[in-house]
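So the structure is just underneath, and the comments pick up after that.
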């Protein structure tokens, strides 16, 4: 490449600025379009709760500006969703020139699949987890105790859960990419399965509200997705020529046994 063909760092910053502006404009346009359907979007978002509310129950707002700002947030989230194809395209166009052919082969389908998996996770939370979870929470209501969910609280609760389930369903994509890069192997994933399960429950406790039910509802599909990730690593992972998963496990066991022997020798010497 000739010297004049090389882009200086300032040109990269200028390109990044231009693409960020385009993303911002797309979000503004999408949010403005979504605001015209704010009541429909919010009703669709709250439908799982409305279906299990007792007769005469409703979602309320306790502050005068609460409904207005809640609708603004709903419009912004919907606008972000509508603008996501533009955002993904601009990000890809910015990073693609710096990738090798193999990296492009990995990243292009990974981005598309990540969008599909994130959407699948959000739909899983909306159609399966929301009805069960809301019915469980409303079960604590009595004659003297009545549930009065507010717009602000519900939007915060629902958006956090949808985001959590969407991110959780990205697990197979993330682990498969690590396997393609040679950073993890199926044997490694099987060996550390128990630590992964503990991590999933901690992850569920952090991203979900402080209750055991939603934590379990998030951790359980993550465990299943982890098992799916092992198959993805077996199918697409990088492996040295002439080796198998069983051989990888044997090598890991040999390393562990050598480490134990060294520890015993050090202990004997000290004695």
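Okay, which of the stretch 71-113 sit inside 14 Å, backbone N to the point 7 Å along the Cα-Cβ direction of residue 181? Residues passing the 14 Å test: 100, 103-104, 106-108, 110-111. Volume of the convex hull of the stretch 31-107 (Cα atoms only), normalised per residue: 132 Å³. Using 0.36 nm per residue and subtracting the Cα-Cα separation, the extra length available between residue 223 and residue 163 on full extension is 19.8 nm. Taking 0.36 nm per residue of sequence separation and removing the Cα-Cα distance, the residue 212/residue 13 pair yields an extension gain of 67.1 nm.
Of the two radii for the stretch 11-153, the radius of gyration is 1.11 times the Kirkwood radius, both from the alpha carbons; that is the Rg over Rh value. Each of 60, 27 was scored by other Cβ atoms within 10 Å of its Cβ. Listed from fewest to most, they are 60, 27. Distance between the C-alpha centres of the stretch 148-223 and the stretch 112-126: 13 Å, rounded to the whole angstrom. Fully extending the segment from residue 89 to residue 192, taken as 0.36 nm per residue of separation minus the present Cα-Cα distance, adds 33.5 nm.
The Cα-based radius of gyration of the stretch 83-230, divided by its Kirkwood radius, gives an Rg/Rh of 1.07. Note on residue 100 and residue 236: the model spin-label points, each 7 Å out from Cα along the C-beta direction, lie 1.8 nm apart.
Coordinate-derived values only; no laboratory data. Everything quoted here is computed from the prediction, not taken from an experiment. Neighbour counts run over all protein chains shown; Cβ positions are idealised from the backbone, glycine included.
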